[in-house]
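Read through the structure below, which is laid out as structure tokens, and then see the notes.
What follows is calculated from the coordinates using simple rules that are stated; it is not laboratory data. Values in this document were obtained by computation on a predicted structure and should not be read as measured data. Counting neighbours? That spans all protein chains shown, and the Cβs are built from the backbone with ideal geometry, glycine included.
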Amino acid sequence: MTQTEGAIRSEKLAAAYARAEQFRKDGERIDELQRNEYLIFQHPGRFCFGMDAVLLSGFVRIKPGSAVLDLGTGTGILPILMEAKTKGQHFTGLEIQEESADMAQRSVAVNQLSEKIDIRVGDIKEAGRLFGAASFDVVTSNPPYMTADHGLQNPELPKAIARHEVLCTLEDVVREAAYVLKPGGTFFMVHRPFRLAEIIRSLSAHGLELKRMQMVHPYVDKEPNMVLLEASKGGRPRVTVEPPLIVFKEPGVYHEDITGIYGY
């Protein structure tokens, strides 16, 4: 980046922060997304997006002109990043928690993306009824990883809903994704490797064929703790396993693949 480009970016970012301050509510913070001077509202007392959402935004493949639905969008991180990184025509985020959806809607407004991104308040289990069959070319989701009875649930309900299957299950997410996808449409999801067999069974049961997979390892010598998945509605059986993503070269130092996805 040249000195002139850096100065222009700084001016745009300053203007974005000034707009954001007009929309920010008490207790919220404003985070920069390292893309297009986009910002996002988050509340530390609620669930904040993590690396999994960012990695999923780098894994998706979205053709120009596509209509995209993000199931369980939280504060809108995936639609905003996908708008920045792809040539999709329109993005919709569905979120059941009204406070999170409100933050997402204000983030969309601050980034001046209201013509490209819609945020809807609603239940993932009702996505088919809300949007209708075969409504989207692409569906994405960063769903709760843990079953309702797995491990300790966070005592704060918003965080528990995001991390545990309190309000929806893996089956709900896959079923509704399959229903709203057009024939030949694509479903992208990030999840935990220990549930991979269950995920594949569920995808198959709903006519979604696993096409691409990538494991994410915290370090090169550690087992994976995330898996990125791409499935096609009505696709033929054939899976491509991508080279693994390694998060850290050493403690506190990101691998080059990760810095590229983040845009550092």
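Residues that are over 24 Å from D31 (Cβ atoms) and of a type in the set (V, I, T) are absent from region 249-257 altogether. Out of all the residues in region 240-264, which are assigned to a loop (DSSP other than H, G, I, E, B) and over 14 Å from H217 (Cβ atoms)? P251, G252, G263, Y264 - these are the residues of region 240-264 that are assigned to a loop (DSSP other than H, G, I, E, B) and over 14 Å from H217 (Cβ atoms). Based on this model, can you work out whether E209 counts as of a type in the set (D, E, K, R) and within 22 Å of D123 (Cβ to Cβ)? Spelling it out, it is not the case that E209 is of a type in the set (D, E, K, R) and within 22 Å of D123 (Cβ to Cβ).
Put simply, of V180, V227 the only residue that is closer than 12 Å to V139 by Cα and touching a residue at least 24 places away in the same chain (Cβ under 8 Å) is V180. Of all residues in region 39-84, those satisfying the criterion of being among the polar types (S, T, N, Q) and closer than 19 Å to I96 by Cα are Q42, T73, T75.
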